[in-house]
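The values are calculated or read from the model by the stated rules, or taken from the named source; none is laboratory data. Predicted, not measured: the structure shown is a model, and the values here were computed from it. So basically every Cβ, Gly included, is an ideal-geometry build from the backbone, and we count neighbours across all protein chains shown. We work out accessible area using only protein heavy atoms, side chains counted, and drop any ligands, DNA or RNA first. Shrake-Rupley method; radii C 1.70, N 1.55, O 1.52, S 1.80 Å.
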Amino acid sequence: MVPEENLNPHDSMGFLLHDVSRLMRKNFKRRGVEGMALTQTHLRVLAHLSRNEGLNQAALADILEIQPITLTRLIDRLEEADLVERRRDPDDRRAQRLFLTKAAAPIMEQLWKMVADMHEEALAGLSTAVRVGIIKALQTMKNNLLQAEEEDAPDTRTRRGAAANAG
């Protein structure tokens, strides 16, 4: 591990992750998103929905880090294009769950091909072992941060505070 004082602030993990993410989005756009008749934002919604079919709009908005009203407009457009369908949530009549339609399949196939090509370009020169190591490290980081987030959730803090006061 590199000692903290020897780290260049421009090489910090947070900046590098942000820069790589930004450059991947730019690279993706360069590959021809314009030719797909959907915006990059619409494709991002479809990609996340394909990984989380059946989510309600609030949960998907949270994943995408956008306001629920913004997602509603995006889903309206995707529904008009017959790419997404809303279904009533059997457990909550006010909520609707989101699903891709069969018409979305060819778009998703094209999207995943573009993503695979972009990943290949980004990972050029790295061995399979290093590529696997990067994915595993990122998955571990994600899980660590999700666990820390769960531990700091308001209901968890309330329970911890109540337990501390009881003892």
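Values computed for the structure shown
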| item | result |
| --- | --- |
| Where LEU38 falls short, out of the listed (1) outside any helix (DSSP H, G or I); (2) without any contact (Cβ under 8 Å) to a residue 12 or more places away in the chain; (3) open to solvent by less than 70 Å² (accessible area, probe 1.4 Å) | (2) |
| Evaluation of GLU53 against (1) surrounded by fewer than 14 Cβ atoms within 10 Å (Cβ to Cβ); (2) in contact (Cβ under 8 Å) with a residue 40 or more places away in the chain; (3) part of a helix (DSSP H, G or I) (one fails), failing number | (3) |
| Residues located in the range 56-83, provided they are assigned to a loop (DSSP other than H, G, I, E, B) and surrounded by fewer than 15 Cβ atoms within 10 Å (Cβ to Cβ) | GLU65, GLN67, ASP82 |
| Single condition ARG94 does not satisfy, out of (1) open to solvent by 70 Å² or more (accessible area, probe 1.4 Å); (2) free of Cβ contacts under 8 Å to residues at least 40 places away in the same chain; (3) within 22 Å of SER21 (Cα to Cα) | (3) |
| Selection count, the range 97-115, where residues are open to solvent by 50 Å² or more (accessible area, probe 1.4 Å), in a helix (DSSP H, G or I) and in contact (Cβ under 8 Å) with a residue 40 or more places away in the chain | 1 |
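Condition check ((1) in contact with a strand residue (DSSP E or B) (Cβ under 7 Å, 6 or more places away or on another chain); (2) modelled with pLDDT of 95 or more) across all residues:
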{"site": "ASP62", "(1), (2)": "no, no"}
{"site": "GLU65", "(1), (2)": "no, no"}
{"site": "ASP89", "(1), (2)": "yes, no"}
{"site": "GLN96", "(1), (2)": "yes, no"}
{"site": "PHE99", "(1), (2)": "yes, yes"}
{"site": "GLN110", "(1), (2)": "no, no"}
{"site": "MET114", "(1), (2)": "no, no"}
